[in-house]
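In what follows, a structure is listed as structure tokens, so that the remarks can point back to it.
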């Protein structure tokens, strides 16, 4: 029996919240619902509504209250989101075709035509004949992504940078799902097992699941591939303790599902889902080029929605399978805007258009190559963002070191700096930039922040 769609569930929650115009705790919201779901499901719906800017969260811990967003506030936030999206557009250059798709999927839902799963989109793809990525693009990515000699065992390069990859990919992939952990909070959770104060347990679980899944890919580099063993276990690891039905972890779905903020209706029927899932895996396994293979997975796994939830996370990590196996630079989605990524996926869902996602994939891979120094090539002009805020970045890093701040203190300080000195659309990127600088700070780079070796050594003790 099909469950209610997310849109119906969200509308029910918003109606219940309307009975408490001054905000309500989760228990009060449950009391206002005629048929409340379990607590974890209701928290997930509230988090989705927060991400969609229909609801605000106020307070922390047991004092958390949820309040519906008023129309005027929504308009103001919409302007802020538009500004942030404009920045993202500048950051990730989109082709004219991609911009056309993006404009179409950003229209109000009422103006977009409902569509179902198009089997011919998958059937028409012919491995090594159909190419989503042009040959010139694949060659360029290969030239930037080659990290070590071809004779090394599979997974060698990923193991060399395992700690950095665990943090970067866990944080960025979780961030694209609306997770609010900062980069430093993610590092502390992964390295020391310490959850951030004021964050919900679901966010910590999401990040730790990413860590386990990435470790699985690295440790099993010789065995993984586009097969049931890899994909089902990848889903089991990424969805652990996050699904309403725990038995659905690592299994293909048998129920109908809906996706928020889209007119796309995923495929239904367990037999059809299983058939298409096997076809996606067989097609991906037959693709010889690692980048085409990775991108094919990013397109067709979320489009099929083979699992009850966590499909995009599975696709993002599955895209790294051929890269890890061939000792190419991994893809960690550095600096990818959530709004741009969501629009790109909507283009696939509703229009079967890959141009926005292709632009995101290519740009993100080049950023990952630069991140890990896989090749010593410049990506062009200096980063204009870091140039614009170089003084604020340097001052924030220096303050953390001179004040001997530990990681939680640094998180709070960097956020205060961003709030006080940085334009609203740039704050999140400023926080990420400063945290990245702190994580990579070493004796050979302290001079740029006017720090003395004694200051650096004293800070390192507190930082550990």
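The values are calculated or read from the model by the stated rules, or taken from the named source; none is laboratory data. As the structure is a prediction and not an experimental result, all values here were calculated from the model. Using ideal geometry, Cβ is built from the backbone for each residue, glycine included, and neighbour counts are taken over all protein chains shown.
Just a few scattered comments:
- Residue match in segment 179-193 (condition: surrounded by fewer than 17 Cβ atoms within 10 Å (Cβ to Cβ) and not in a loop (DSSP other than H, G, I, E, B)): yes
- Of the residues making up segment 413-425, those that are surrounded by 14 or more Cβ atoms within 10 Å (Cβ to Cβ) and modelled with pLDDT of 90 or more number 7.
- Hey, residue 271 out of contact with any strand residue (DSSP E or B) (no Cβ under 6 Å at 6 or more places or on another chain), surrounded by fewer than 16 Cβ atoms within 10 Å (Cβ to Cβ) and over 24 Å from residue 112 (Cβ atoms) or not: yes
- Matching residues in segment 108-131 - criterion: being over 27 Å from the mean Cα position of the chain (by Cα) and surrounded by 10 or more Cβ atoms within 10 Å (Cβ to Cβ): 123, 124, 126, 127, 128, 130
- Within segment 426-449, considering residues that are outside any helix (DSSP H, G or I) and surrounded by 13 or more Cβ atoms within 10 Å (Cβ to Cβ), the one modelled with the highest pLDDT: 441
- Qualifying residue in segment 142-165 (condition: out of contact with any strand residue (DSSP E or B) (no Cβ under 9 Å at 6 or more places or on another chain) and at pLDDT 95 or above): no
- Residues located in segment 102-131, provided they are within 29 Å of residue 275 (Cα to Cα), assigned to a helix (DSSP H, G or I) and touching a helix residue (DSSP H, G or I) at 6+ places or on another chain (Cβ under 9 Å): 105, 119, 121, 122, 123
- The set of residues from segment 21-50 being outside any helix (DSSP H, G or I) and over 20 Å from residue 180 (Cβ atoms) comprises 21, 22, 24, 33, 34, 35, 36, 37, 38.
- Pick from segment 132-168, criterion in contact with a helix residue (DSSP H, G or I) (Cβ under 6 Å, 6 or more places away or on another chain) and in a loop (DSSP other than H, G, I, E, B), ranking: surrounded by the fewest Cβ atoms within 10 Å (Cβ to Cβ): 148
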